[in-house]
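Comments concern the structure below.
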Amino acid sequence: MKKIFFILSIFLSITANAQQKSILLMNGIAHLGTDSIIQNSIIGIKNGKIILVADARTAKIDKTAYDEIVDIPEKHLYPGIIAPNSTLGLSEMEAVRASNDFKEVGTLLPNVRSLIAYNTDSKIIPTIRSNGVLLAQITPRGGLISGTSSILMLDGWNWEDAAYKIDDGLHINWPRIQTRKFLDEDNIYPGPYEKNKEYTKQTNELKKLFSDAKAYNESELKEEKNLRFEAMKEVFNGRQTIYIHTDNVKEIIEAVNFAKQYGLKQVAIVGGKDSWMVTDLLKENNISVIVSRLHDLPEHPEDDTDLPFKLPYLLQKAGVLFCLNNEGSMEAMGTRNLPFMAGTAVAYGLTKEQALKAITLNTAKILGIDKTAGSIEVGKDANLFISTGDALDMRTNNVEKAYLKGVSIDLDNDQKKLYQKYKNKYGLK
Amino acid sequence: MKNIFLFLLALTLSNTTFAQQTFPVNGISNQNHIVYAFTNAEIFVDHEIILEKGVLLIKDGLIISAAEKTEIPKGAVVYDLKGKSIYPALIDAYTSYGMPELRTGNRGPYPQMESNTKGAYGWNQAIKGEVEANKIFSKDNRAAEEMRKMGFGAVLTFQKDGIVRGSAAVVALGEGRENELMISDKAAAMYSFDKGTSMQDYPSSLMGSIALLRQTYLDAEWYKKDKIKKEYNISLDAFNNLQPLSQIIETTDKLSVLRADKIGDEFKIKYIIKGSGNEYQRLDDLKETNCKFIIPLNFPTAYDVEDAYDAMNVSLTELKHWEMAPLNPFALEKYLIQFAITTADLKDKKDFWKNLRKAIFYGLSEKQALKSLTVTPAELLNVSDKIGRLKSGMMANFIITSGNLFDEKTMIYENWIQGIPYKINDYNSIDIRGDYDFSYDKKGSYKLKVEGDLDKLKGTVLIDSVKIPMNIAVSGNSVSISFNSTKEAYSPDGIIGTIRLSGNINSEPLKMNGKGQTADGDWIDWSATFKTGYLPEQKKDSSKKEALKYGQVIYPFCAYGKKLDDRDRFDKIIYDFKNRYQAVLIKHVTVWTNESEGVLKNQDVYITEGRIVRIADDINATKLAFAKIIDGTGKHLTAGIIDEHSHIAISNGVNEGAQASSAEVRIGDVVNSEDINIYRQLAGGVTTAQLLHGSANPIGGQSALIKLRWGKSPEEMKFAKADGFIKFALGENVKQSNFGDFNTIRFPQSRMGVEQVYYDSFIRAKEYDAKQKAFSLLSDKAKNNSVPFRRDLELEALTEILNKKRFITCHSYVQSEINMLMHVADSMGFKVNTFTHILEGYKVADKMKAHGAGASTFSDWWAYKMEVQDAIPYNAALLTQMGITTAINSDDAEMGRRLNQEAAKSVKYGGVTEEEALKMVTLNPAKLLHIDNRVGSIKVGKDADLVLWSDNPLSIYAKAEKTIIDGLIYFDKEEDIKLRDDIQKERARIIQRMIDDKKGGAPTQKPVPKKQKLYGCDSMELDYMQTE
């Protein structure tokens, strides 16, 4: 199985390269995603890769070496935004069951893969990329182990075509120490919290699976093939990341110890509302945080009213690697607001370039794709977009052009079409 | 003196007749007319009159007299109660003693639209006026004994089930026949906001309970007046019969006291409030109701907060309530509110005395405590001529105690109920505590020490300065002792083992002697001679006094609440000098006027007495002595944000969706002034919000418009003199598309049905209106002679719409339904004021314009359900371009605090100018709500509802630094930082107290997180069944 995918992905990049034009982006304000800005930049793209990043005022460039010159004075250039932990393409309308493909039956499902359910033709996706989000980690939900995610480009003919990194990691939903009753005494959702009596049982289930899978993958003689164990092969050598979804501080501590116990090399906490309380522990163990939706209310009434807004700043200050995500209600359609979450984090402590990193390079690092994505640097894939203004502010986020692997992508969407259609109906300009 | 005998004779005669009975006697009759005399006791006639050495005479279950000097008639049984006290037996005004057990029905997955009560009863199962406690009361000796032990002699009892719970009876806690125990068969009418065991869908919310109760009053009045009576209704008839009684309503929160009182005002009823124990948190408002209370002593158990992470799950409200709950009775006393104390709501009734003493320790006077357990409940229940005092002619319900009833050491010896004694502890038992010379087996010179409580004695034997613990038990005049001879030398026969001694106590002089057996079985003689008396250990009173430290009441009683400036705990501080008004001068600020002036740079804005007074280039500060001056350099000032569509600050349910129309319910009845989201939204610059009913039915409930006056009471938060609004809804929610397969019964289930609901409702409303107008024109005489007019709260709300006194905000998504409602409105002669959500508004903008409807929409929501598939973020811009008044709203507690960002999205999607975008969350919603003459722009004369922003208010980087309502600063960034610090310190202080208490052995409970319920349009009973 794995081999086939390997061959496939090589083939895929070759076909993409075949369609490449070389492009020179001139005079834009380039936010590189590395904390640096070049006010008057010159960026060269060839064979889908960035081959040149320079200051236009000093660099001497042979313009004739490029098929296309794009002059973008005073416009802003950004690395493509990456949406981690997303159900884009797996869910079209939350309330319509038939349109949902992110959850399977069962609790331990490492072998379930989001990749093949990803619908490249989702009507939502074009509305996301038109705000600058170009890559997403498509992630299954539910159970103790929801399954395996993949990273996809937000443009492609089909999931094979759109695949960016296949089976990048396994998603664990850490058992809750406190669970919530479904209904309260008045039959109103949600009910009160109570101690999870199954907590030990559930953590043991997880641990047993990890022990068994480790032994299975180390043993030379495999009597019978086990799909679950097979799916975890790459976990123990660090080629796959373990994403542990949890918010509560005690659960985070338990999850970190679990990771230590199994010698897991690539681990990220997803959610981590309480992560600011255990930054030392996270740093010590080299664990990053995919921060829970920023536009959220604090957990407790006495929390600082702006705690969710300033959580990125608290992690930045403590030196924990983190990025932003949008899991929650209406998450697929809301992915387009990822840049504005970064903007809000600026109002609450981050610098603009740190905030940009929280949706680009940091994300790439956590997802293990920073060799090719996340910043505007020579040698990386040319995943970038041009906005007429500051892309982190909704007033000025106006994406004019976007490139995935050096190919200019379509920024139109059905919403824009409906807008035009009715403007025409009313004779509006 | 003769008079006494005459009186006695009279009493005897009257009682002989009274004492006749209908029951046949099995065996020999036992007529008993003995006089009992209790002498030398300290007698508490009531909480005010105390006889130091009185005589209490009783006969035939009644009190003859309680006086200092009384001649005791011959042939009386005399009890000498020297050193003891007599109190009136206590009364509990809130129990279900002797009531049948309640059975909750099984609801099943389908809706229950109608009452399951069989017979000619009313339509709603929660209205149980026909229940009569006197008819279903059956004494319960075990429960009675438990109450008697605590000193109670009588209780109010009723069936605790439903919103109208029928009548309650006062019964004695004796063991006689129910016929004898009944003190008052109809003592009170009982109410609550809890539908109890009823599984009928309606009401499913607190506002529904309130509406149902109000309608029941109206229906009962109509039923009474209707002489022809086409409808026979047991429930309404019973309800009318309840009205002359005391009216008691149960509340579960201080805010519900205000709600109950509001209903009381409407129907001219002064309810007696069964409180919940947190009344102290809003006493000024509660005092104003003039209600009397029955309060529980349900003080919360401390939390186990040693684990710092777990402790985060205990809210400041819970911490403070733990600390302050024992102050509740004291606070009520201090505020001169009349109240009775009940054992209700205690998890364990045994905590009653412990908690009462705690309340006294926290300041409640003993006098008030006694009053609240005797005279007050008797008065509240109209039985003060029978119980509550030790007065001639009243029932002989009293208790004999070893001393001050409220003292921890005091014992209740006997509880006499209706003249019959119930022994609890034997006061004849001899207090043998003290030090003795002790000898056994002819060996002398040992010592014996007896101490401890009278019912739990402890002892030690002292042999050659070795202390050996012993067991000692006294029963009447017998004593038994056992101890271990730990050394051979201590045992008469040299064998180590238990020595058991039994014997007799001689009280004058105190001496014990008898026989005993050694471990070997040898019989020995023993004796102990009293030397010195027992001195009870002095409990460290000083340390207790020190422990009586507690914080201040904060308003509201949760995090970020503030204490009142003029209070020190429950004392009012009178300041010599007080600012007459608060004035604020903001200097050098960029002003977004929302008026023709546009955005003005470097302006000074002066506000006072709640209004904007001046806007000018330079206002001289020195002339404004009282003004607080704020430097606005580099900052932006806008009108306060108005959220046209919000569901914050609502108590117990946002939907009353059991019926297609619930126009009778009012969010205004259930405003929750204690929702932390009020503060959070202030921090986002929101000053006014329309709190809407949910979207579960085509005709929802009436809205409430509030200013976010954090700390004020629900009524004070309401926007004064604003037009009334009502929520309508269309589409998937009202046809229950996403409520699961069982919810397919209630009409309508399709958009076709929704239209018919409207036509039907408004046609009925028109007929109602006409009938009402015709009736009002009749002369009084004619009114009396004709069929009375029945006020219908649902139709009344709809006629208000027809008469342009109430306006519609309609939840809507797709163009077909929007078009439909405008057609209904046009044909019925009203307008749809606002379409909310209105995500396909852009498709029918021309029609909306023609109709005159406004729009209140989301900035960019879509793809969450079928009916939003064509939603576009350009909607707001396009509607604006079409000349429709357009607002951006939240419908979400989180988004509500970032509405400036949401407005800014219309700059991105559709290119609206920044000034127009800001208006979408300020002036435009003000217009939609008909309050633009007061708020929504910065203009001289308008309300000073303002926000000072750190940056351009539409920028993602902008933060609200000050949020001002009526000229008062309700949110201030600097003060917020201080409040955070205060919260942390206050939490730490109380947590330390809890830990100390735990170390001292106090029980604790494990903290569990409590997350607040957040309402959106869809929030309702069971509605998440299929989505998760």
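Treating the angle as unsigned and between 0 and 90°, give the value, to the nearest 10°, between the Cα long axis of helix A:199-218 and the longest Cα principal axis of chain A.
70
In square nanometres, what is the average projected area of the Cα convex hull of the stretch A:69-114?
Working: hull surface 25.9 nm².
That works out to 6.5 nm², a quarter of the Cα hull's surface.
For the stretch B:737-820, what number results from the quotient of the Cα radius of gyration and 2.2 N^0.38 Å? All intermediate terms of the calculation are to be shown ahead of the outcome.
Numbers: Rg = 17.5 Å, N = 84, 2.2 N^0.38 = 11.8 Å.
Here the answer is 1.48, to two decimals.
With viscosity set to 1.306 mPa s at 10 °C, what whole-number translational diffusion coefficient in µm²/s follows for the protein assembly as shown from Stokes-Einstein and a Kirkwood radius over Cα pairs?
For the chosen part, D equals 43 µm²/s.
Order by neighbour count: A:Trp157, A:Trp174, fewest other Cβ atoms within 10 Å first, most last. All intermediate terms of the calculation are to be shown ahead of the outcome.
Details: A:Trp157 9, A:Trp174 23.
Going from sparsest to densest Cβ surroundings: A:Trp157, A:Trp174.
Given a Förster radius of 25 Å and the C-beta distance between B:Lys783 and B:Ala120 as r, what FRET efficiency does 1/(1 + (r/R0)^6) yield to the nearest 0.05? Walk me through the numbers on the way to the answer.
On the way: r = 27 Å, r/R0 = 1.10.
Efficiency, from the Cβ-Cβ distance: 0.35.
Could you compute the FRET efficiency for A:Trp157 and B:Glu146, with r as their C-beta to C-beta distance and R0 at 56 Å, rounded to 0.05? Before the final figure, lay out each step's value.
Working: r = 78 Å, r/R0 = 1.40.
The computed FRET efficiency comes out at 0.10.
Per residue of B:908-918, what is the mean number of Cβ atoms on other protein chains within 10 angstrom of that residue's Cβ?
Values: counts 9, 5, 2, 2, 0, 0, 1, 0, 0, 2, 0.
Mean inter-chain Cβ contacts per residue within 10 Å come to 2.
Can you sort B:Lys487, B:Lys587 so the residue with the fewest Cβ neighbours within 10 Å comes first? Before the final figure, lay out each step's value.
Details: B:Lys487 13, B:Lys587 17.
Least to most surrounded, the residues fall as B:Lys487, B:Lys587.
With the convex hull built on the Cα atoms of the stretch B:434-533, state its orientation-averaged projected area in nm².
Details: hull surface 22.9 nm².
Over all viewing directions, the stretch B:434-533 projects a mean Cα-hull area of 5.7 nm².
Using a Debye calculation, one point per C-alpha and no hydration shell, please list log10 I(q)/I(0) for the stretch B:751-936 at q = 0.08, 0.15, 0.17 Å⁻¹ in order.
Listed by q, the Debye log ratios stand at -0.33, -0.88, -1.06.
Per-residue mean of other chain beta-carbon atoms within 10 angstrom of the beta-carbon, peptide B:858-870? Please report the intermediate quantities before stating the final value.
On the way: counts 0, 2, 9, 3, 8, 15, 11, 5, 4, 2, 5, 6, 3.
Partner Cβ neighbours, averaged per residue: 6.
What spacing in nm lies between the two simple spin-label points modelled at A:Lys417 and A:Glu218, each 7 Å away from Cα in the Cβ direction?
Reported label-point gap for A:Lys417 and A:Glu218 is 5.6 nm.
If you take the alpha carbon radius of gyration of the stretch A:322-377 and divide it by 2.2 N^0.38 Å, what ratio comes out, to two decimals?
Values: Rg = 11.6 Å, N = 56, 2.2 N^0.38 = 10.2 Å.
Normalised Cα radius of gyration, the stretch A:322-377: 1.14.
Based on a Kirkwood Rh over C-alpha pairs, give the Stokes-Einstein translational diffusion coefficient of the stretch B:892-1028 at 37 °C and viscosity 0.692 mPa s in µm²/s. Provide the component values of the computation, followed by the final result.
On the way: Rh = 19.3 Å.
So the translational diffusion coefficient is about 170 µm²/s.
Using a Gaussian network model of chain A with C-alpha springs under 10 Å, which one of A:Asp155, A:Asp306, A:Asp370 is most mobile by mean-square fluctuation?
In the Gaussian network model the winner is A:Asp306.
Wrap a convex hull around the Cα atoms of chain A, take a quarter of its surface area, and give that in square nanometres. Could the numbers behind the result be given before it?
Working: hull surface 97.1 nm².
With every direction weighted equally, the projected area is 24.3 nm².
Once every DSSP H run of n ≥ 4 in the protein assembly as shown is given -39500 (n - 2.57) and the sum is divided by its residues, what mean residue ellipticity at 222 nm do you get, rounded to the nearest 500 deg cm²/dmol?
Numbers: 40 runs with 387 residues, N = 1457.
The helix contribution divided over the protein assembly as shown gives -7500 deg cm²/dmol.
Work out the P(r) tail for the stretch B:144-266: percent of alpha carbon pairs separated by more than 23 Å, whole number.
Values: 3198 of 7503 pairs.
Roughly 43 percent, once rounded to a whole number.
Using a Förster distance of 25 Å, how high is the FRET efficiency between B:Lys773 and B:Asp826, based on the Cβ-Cβ distance and rounded to 0.05? List each step's numbers first, then the result.
Working: r = 23 Å, r/R0 = 0.92.
Rounded to the nearest 0.05, the efficiency is 0.65.
If amide hydrogens are placed 1.01 Å from N in the peptide plane, which non-local residues have theirs closer than 5 Å to the one on A:Asn85?
Here the answer is A:Gln137, since their amide H atoms fall under 5 Å of that of A:Asn85.
Below 16 Å, Cα to Cα, which lysines can B:Lys118 reach? Residues fewer than 8 away in the same chain don't count.
The qualifying lysines are B:Lys128.
Where both residues lie in the protein assembly as shown, what percent of DSSP beta bridges are antiparallel, nearest 5? Walk me through the numbers on the way to the answer.
On the way: 162 of 251 bridges.
Around 65 percent of the beta bridges assigned by DSSP in the protein assembly as shown are antiparallel ones.
In chain B, what percentage of the DSSP-assigned beta bridges are antiparallel, given to the nearest 5?
Here the share of antiparallel DSSP bridges comes out near 70 percent.
Could you please state, rounded to a whole Å, how far the C-alpha centre of the stretch A:80-115 is from the C-alpha centre of the stretch B:75-154?
56
Semi-axes of the equivalent ellipsoid of chain B: what are they in whole Å, largest first, if each equals the square root of 5 times a C-alpha gyration tensor eigenvalue? Could you put the intermediate results ahead of the total?
Details: eigenvalues 867, 281, 137 Å².
Result for chain B: semi-axes of 66, 37, 26 Å.
Take A:Cys323, B:Cys558 and order them by how many other Cβ atoms sit within 10 Å, fewest up front. Don't skip to the answer; put the middle values down first.
Values: A:Cys323 29, B:Cys558 21.
Taking fewest neighbouring Cβ atoms as first place, the list is B:Cys558, A:Cys323.
Membrane-span-like helices in chain B: DSSP H runs reaching 18 Å or more (Cα, own axis), mean Kyte hydropathy at least 0.0? Let's see the in-between values first.
On the way: long enough: B:2-18 (24 Å, 1.17); B:206-225 (29 Å, -0.15); B:254-266 (19 Å, -0.45); B:751-777 (40 Å, -0.67); B:815-828 (20 Å, 0.09); B:973-999 (39 Å, -1.57).
In chain B, the long hydrophobic H runs are B:2-18, B:815-828.
Any read-out appearing in this document is the output of simple, stated calculations on the displayed coordinates, not a laboratory observation. Everything quoted here is computed from the prediction, not taken from an experiment. FYI the Cβ positions are ideal-geometry reconstructions off the backbone, even for glycines, and counts take in every protein chain you see.
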